[in-house]
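The values are calculated or read from the model by the stated rules, or taken from the named source; none is laboratory data. No experiment lies behind these values; they were computed from the predicted model shown. Every residue, glycine among them, receives a Cβ derived from its backbone with ideal geometry; neighbour counts consider all protein chains shown. Ligands, DNA and RNA are stripped out before the accessible areas are found, and what is left, the full protein with its side chains, is counted by its heavy atoms. Shrake-Rupley method; radii C 1.70, N 1.55, O 1.52, S 1.80 Å.
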Amino acid sequence: MSLLKEAWPASRLVNALAGKVQDSARQRLRSNWTQRLRATVDEPAYAELWKDIKRICNDVREAPWPELPLSLFRKFANTGERKPYEDVYFERRGRLVAIVLATVADPEPRNMEKVESGLLDLCSEYTWALPAHVNEEDSVTPPWQQVDLFASETAQILVEIVLLLGERLADHVVVQVHQEVERRVLEPVFWQPRHFDWETAEHNWSAVCASGCGIAALLLAKDDLSRAVAIEQMLGALDYFLAGYSEDGGCPEGVGYWVYGFGYFMYFADMLREFTEGTVEIVSSEKVRQMAAFAERVHLSDGIFSNYSDSSETESLPSGLISHVNFLRGRPSALPFRVPGLLEDPCRRWAHVLRNLVWTNPEAYGCSEAVVDYLPQLGWLMCRSRSYSHRESGRVQAESDDVLAFSAKAGHNNEPHNHNDLGHFILHGGGENVLCDLGAGLYTKAYFSPGRESIINISSSGHSVPIINGNTQQSGAKARAVVLDAAMDEMEGEQTFTRFKLDLTSAYPVDELTVFTRSFVWSVLEGNEGARLTVTDHFEFETSGMNVKPWDVEEFLISRIRPNTGPGFVEWKGTNTVVRLDYDAGVLRQRLEAVKHIDHDGAPFTFYKTSLQMDSNRWNGPASIDCNLFFTIHQSSC
């Protein structure tokens, strides 16, 4: 793929970003955004979003603006906790987002005093960056000029609000906003550049920061050349972002960070196209079109996803973004249509909610989902089928309840937001992940520090993979799942099979382990009345002469559902689906552990770790062994 910076150097951008073009784009965007936003107020699809906006506006009237004292900022340095500061930080932005949108929707200029007060309050913050991203000991760049994801987002929020409200704002407020964006973002990124690490990051940071900083430069740069130089610099950062995706469009960070990084990439691309009257187009490559399909390809059913890395299985997708990318792809989406509420996003992101209002198109949804999606460079496999076992009996059932799905992961253990999860898999049915991935844990200082592998969300001991001779998977790119076989939709008689085989030997720092392969075989039962998954783990251990060195293998299976167990079987009963595992009780010893934990938002929950242990004392054969796990999945009858 050609590099964006090479395709659009500053010398070429100058004419495309001429001043008159900028003025026309501002007027067009302000008019289009305002008209579309007002039209959504009475449309049923947006009811929940407007309900959230009104609820927050009531809070603004009844409660004082939450403060961000320096003592709260330094709580992270003292305790490692991120949440206390971030909760208040995002509440302040959510309030501003709500009152601005309510004000724009109202043809009469009411609530302007509260809008202006909110804008000035953000301008007075110690820094727009989060404490976890600030180094107060930096002797070169003060905290208020350390530009992270959220400083970039704040700059974008402020300049887009000024663009949208225009002359309705008092002159002194506009001047203050411009001065603070200039001082905190444009100066350290462009005019006296500090060259931040995110400018060469191959993950979501480069896209989000380039978007926020680039849009701020588009709207505030004082002359055409300065604007062109700034955009060229951000296109360079976006080249690194695009390099972090594989050619199949796969996002190793997971669907939640696809929304964040790819979403902001699209927001910037659209603004750049608007401000050059279509001259500069950066989303026309085949790779970008593949990236646009990622969320749909990892969708299992009913808004539930294959959620490897730090993503949730129930990500709320921005309806504006999905509508926009499906226009780019030239086809409707198989994802469920729903406009998210403002309160569903804990970060209250302006860029998402504004574009949900002005970009959402229900007609961009409604196509059928593929049965098998395989991302060969990323190494993710998703298989789906439909079960009709209760249709004939007259059971009333949502279409999503019929979907049975299986997903498995290859890759390596040095990916962005990495979990040590090679060979991990998910079983899905009835709109829920029955065997699941725990997703992201609570973000703290320890979560991103050396030794993070001990955190259950990150450790392979928190995934459906084995422990071998007491060892979990190791971190680093040398720990890699090599794909030995990936056969999609093979026919054997009247049955269709999907096979996926991985060599996981390098994942484990076990000297005596010479071979470990994991094979998956997924098939749909006759009459589409369920599905079967066979998992075969093959191990070979080093021998010394006639003696076999001691070994043990403990298979783990992770679920939020407490299973029923008995000799030779484990059964998980979901809301609409039953998953049953059958195994050889003469070889494997079963144990169940209930683990109390907290999720990414700090809420407590319990998950269940089923252990099946096999050791050399219970095995009289050679040091070449197979562990076979036979799963069946079908709709429940009640």
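What is the spread of the Cα atoms of segment 1-43 along each of their three principal axes, largest first, in whole Å?
46, 29, 6
Would you mind estimating how fast segment 292-360 diffuses translationally, via Stokes-Einstein at 4 °C and 1.567 mPa s with the Kirkwood radius over Cα pairs, in µm²/s?
103
Of A370, G256, V358, whose Cα points farthest to the positive end of the dipole of the chain (charges on the beta-carbon: +1 Lys, Arg; -1 Asp, Glu; origin at the Cα centre)?
V358
Amide H to amide H, which residues 5 or more places from L435 or on other chains are under 5 Å from it, using H placed in the peptide plane?
Sorted by chain and number, the residues that satisfy this are L427.
Over the Cα atoms of segment 164-220, what is the Rg over Rh ratio if Rh follows Kirkwood?
Computed over Cα atoms, the ratio is 1.06.
List every residue whose amide H lies under 5 Å from the amide H of E315, counting only residues 5 or more places away in sequence or on a different chain, with H placed 1.01 Å from N in the peptide plane.
F305
Return the sequence-ordered ³J(HN,Hα) values of segment 561-576 in whole Hz as given by the Karplus equation 6.51 cos²θ - 1.76 cosθ + 1.60 applied to θ = phi - 60°, using x for Gly and Pro.
Whole-Hz 3J(HN,Hα) from phi for segment 561-576: 9, 6, x, 8, 10, x, x, x, 8, 9, 9, 10, 9, x, 4, 10.
Per residue, how much accessible area does the chain have with a 1.4 Å probe, in Å²?
39
Is segment 72-193 best put as rounded, prolate or oblate by its Cα gyration tensor, with a ≥ b ≥ c the root eigenvalues, rounded for a/c under 1.5, and otherwise prolate when a/b is larger than b/c, oblate when not?
oblate
Treat every Asp and Glu Cβ in segment 32-89 as -1 and every Lys and Arg Cβ as +1, leave all other atoms uncharged, and give the resulting dipole magnitude about the Cα centre to the nearest 20 debye. Write down the numbers at each step before the final one.
Working: 10 positive and 10 negative charges, 28 e Å.
Roughly 140 debye, rounded to the nearest 20.
For segment 1-138, which whole-number percentage of the solvent-accessible area (1.4 Å probe, protein heavy atoms only) is attributable to carbon and sulfur atoms?
Working: 3330 of 7000 Å².
Roughly 48 percent of what the probe reaches on segment 1-138 is carbon or sulfur.
Top to bottom by accessible area (1.4 Å), largest first, where do H172, H463 land?
H172, H463
How large, in percent, is the carbon and sulfur part of the accessible surface of segment 457-611 at a probe radius of 1.4 Å?
On segment 457-611, the fraction of accessible area on carbon and sulfur atoms equals 47 percent.
Using the Kirkwood formula on the Cα atoms of segment 252-330, what hydrodynamic radius do you get, in angstrom to one decimal? Could you put the intermediate results ahead of the total?
Working: mean 1/r = 0.0761 Å⁻¹.
Evaluated on segment 252-330, it is 13.1 Å.
Which value, in debye to the nearest 20, gives the size of the charge dipole of the chain about its Cα centre, when Lys and Arg are +1 and Asp and Glu are -1 at the Cβ?
880
Between 0 and 90 degrees, rounded to the nearest ten: what's the tilt of helix 319-329 against the longest Cα principal axis of the chain?
Once rounded, the angle reads 80 degrees.
Give me a comma-separated list of calculated 3J(HN,Hα) values for segment 577-587, in order, Karplus coefficients 6.51, -1.76, 1.60 applied at θ = phi - 60°, integers in Hz, x for any Gly or Pro.
9, 10, 10, 10, 10, 10, 8, 7, 5, x, 10
Compute the distance from the alpha-carbon center of segment 297-329 to that of segment 153-205, in whole Å.
29
Please compute the Cα-Cα pair-distance distribution of segment 166-296 with 10 Å bins starting at 0, giving whole percents from short to long.
Computed distribution, short to long bins: 12, 41, 31, 13, 2.
Loop only by DSSP, 12 or fewer other Cβ within 10 Å of the Cβ. Give me the trypsin sites (Lys or Arg not before Pro) in segment 23-124 that pass, ordered by residue number.
Of the trypsin sites (Lys or Arg not before Pro), the ones in loops of segment 23-124 whose Cβ has at most 12 other Cβ atoms within 10 Å are R110.
Which angle between 0 and 90 degrees, to the nearest 10, do you get for helix 149-165 versus the longest principal axis of the chain when only C-alpha atoms count?
Computed tilt is about 40 degrees.
Which listed residue (G441, I467, V510) has the Cα farthest towards the positive end of the charge dipole for segment 438-518, taking +1 on Lys and Arg C-beta and -1 on Asp and Glu C-beta about the Cα centre?
Final value for the positive-end residue is G441.
Roughly what angle does helix 112-123 make with the longest principal axis of the chain, taking Cα atoms, 0 to 90 degrees, to the nearest 10?
70
To the nearest 500 deg cm²/dmol, what mean residue ellipticity at 222 nm is calculated for the chain from DSSP H runs of n ≥ 4 alone, each contributing -39,500 (n - 2.57), summed and divided by the residues?
Helices in the chain give a 222 nm mean residue ellipticity of -10000 deg cm²/dmol.
Just round it to a whole percent: the fraction of Cα-Cα distances in segment 3-139 exceeding 24 Å.
Above the 24 Å cut-off, segment 3-139 has 54 percent of its Cα pairs.
Past the 20 Å Cα-Cα mark, which pairs from K501/K573; K409/K445; K83/K445; K409/K596; K5/K222; K5/K287?
On the way: K501/K573 28 Å; K409/K445 27 Å; K83/K445 11 Å; K409/K596 26 Å; K5/K222 22 Å; K5/K287 16 Å.
Result: K501/K573; K409/K445; K409/K596; K5/K222 exceed 20 Å.
For L130, enumerate residues with amide H under 5 Å from its amide H, sequence gap 5+ or separate chain, H modeled in the peptide plane.
Amide H to amide H, under 5 Å and 5 or more residues apart or across chains, L130 pairs with F150, A151.
Give me the one-decimal Kirkwood hydrodynamic radius in Å for segment 478-587, with the sum taken over alpha-carbon pairs.
16.8
Just to be sure I understand the curve: with the Debye formula and one point per C-alpha of segment 429-468, what is log10 I(q)/I(0) at q = 0.13, 0.19 Å⁻¹?
Calculated log10 I(q)/I(0) at the listed q: -0.35, -0.63.
Show me 98-106, 249-257 ranked by packing, highest mean number of other Cβ atoms within 10 Å first.
Highest to lowest by the protection proxy: 249-257, 98-106.
Magnitude of the Cβ-charge dipole of segment 197-266, K/R +1 and D/E -1, about the Cα centre, nearest 20 debye?
Around 300 debye, computed over segment 197-266.
With a 1.4 Å probe and all protein chains kept in place, how do Y374, Y264 rank by accessible area, largest first?
Numbers: Y374 50, Y264 5 Å².
Sorted by accessible area, descending: Y374, Y264.
Report relative contact order for the chain in percent, whole number only (criteria: Cα-Cα under 8 Å, sequence separation at least 6).
10
So which chymotrypsin sites (Phe, Trp or Tyr not before Pro) in segment 275-368 pass both tests, a DSSP loop state and at most 14 other Cβ atoms within 10 Å of the Cβ?
On the way: sites: F275, F294, F305, Y308, F327, F337, W350, W359, Y365; in loops: F275, Y308, F337.
Within segment 275-368, no chymotrypsin sites (Phe, Trp or Tyr not before Pro) qualify (loop, at most 14 other Cβ atoms within 10 Å).
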